[in-house]
Amino acid sequence: MRRLTRITSSRLNPAALSRAVSSARHGAAASFVGTVRAVHAGRRVKAVSYDCFAPLAEKELARIAAEAEKRWPVKVAAEHRIGLLSVGHASLAIAVGSGHRAESFEACRFVLEEIKRRLPVWKKERYLRGEGRWLPGCALHRKSAT
Amino acid sequence: MRRRIELYGRLRDAGQGAVLSVILPENATARQVLDAVGSALGPNASLLHGCVLADGENVLSAREQVPSKGRLAVLPPVCGG
């Protein structure tokens, strides 16, 4: 089966992700696109650098999608972009297809929150004025084998 | 045994660049690797607060023995999305 998760330095294509999870058996689809915002904590942002430990991030993103598909009757696709992104560019895209709306919404939210909690990705905001800064985050922990 | 340790996120600005070379005892644990990295970072060792060691497959617990081959990385708290 074609892999539906990846870490990439290329521009994201949310429409392609949505097509990848579509099915004639599905009556619902949910998607999420995260973009670089122009202002954060009162400071004007010109770009964000995304750093990533790629081998682990690829595996963790696939694990998160698999967990969602085990928990709900859904099909999940997700991509996280890395590198330097200007304001307005998409950094994260998630698409979920399912028979009914509830599981699409729930699974999409689950994948998003787990990405924020578990994916080894870091962002450094670059401001119009002054030095950039690494944003605070969520400490990782060893997960028990499942 | 000398090992290359990759640094990510805020650790890249700790003055050592993206890769650090440290000498480890045989059968070193993740805790021992982090201690060695802390010594190498000197006055910037406080940046290790909240960091973990990982290989290319998993985050390693502090008492876990590090694999003898492959990539090792110190990972600060994450903030993807």
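Read-outs: derived from the displayed coordinates by stated rules, not from any lab. Keep in mind that this is a model prediction, so the values were computed, not measured. Quick reminder, even Gly has a Cβ in these numbers, built from the backbone with ideal geometry, and neighbours come from all protein chains shown.
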Hey, fewest Cβ within 10 Å first, where do B:S68, B:S61, A:S104 land in order? B:S68, B:S61, A:S104
Kindly put A:Y127, A:Y50 in sequence by how many other C-beta atoms sit within 10 Å of each C-beta, fewest to most. A:Y127, A:Y50
Would you kindly derive the ³J(HN,Hα) couplings of region A:93-105 from the backbone phi angles with the Karplus curve 6.51 cos²θ - 1.76 cosθ + 1.60 (θ = phi - 60°), listing them in order in whole Hz, with x for Gly and Pro? 9, 10, 9, 9, x, 7, x, 9, 5, 4, 5, 5, 4
With +1 on the Cβ of every Lys and Arg and -1 on the Cβ of every Asp and Glu, the dipole magnitude of region B:2-75 about its Cα centre, in debye rounded to the nearest 20, is 120 debye
Charge context of A:A30, other residues only, Cβ under 12 angstrom, K/R +1, D/E -1: +1
For B:E26, B:E6, order by how many other beta-carbon atoms lie within 10 Å, fewest first: B:E26, B:E6
Take peptide B:7-17, look around each residue's Cβ out to 10 angstrom, count Cβ atoms belonging to other protein chains, and average those counts. 4
Rounded tilt (10° steps) of A:54-71 against the dominant C-alpha axis of chain A: 40 degrees
Simple spin-label estimate for A:V39 and B:A18 in nanometres, 7 Å along Cα-Cβ: 3.4 nm
Total Lys pairs in chain A closer than 29 Å by alpha-carbon, pairs eight or more apart in sequence or interchain only? 18
Projecting the Cα atoms of A:V121, A:W72, A:G132 onto the charge dipole of region A:49-146, where Lys and Arg contribute +1 and Asp and Glu -1 at Cβ, the residue farthest towards the positive end is A:G132
Residue farthest toward the positive end of the dipole of region A:5-130, with Cβ of Lys/Arg at +1 and Asp/Glu at -1: which of A:S22, A:T5, A:L92? A:L92
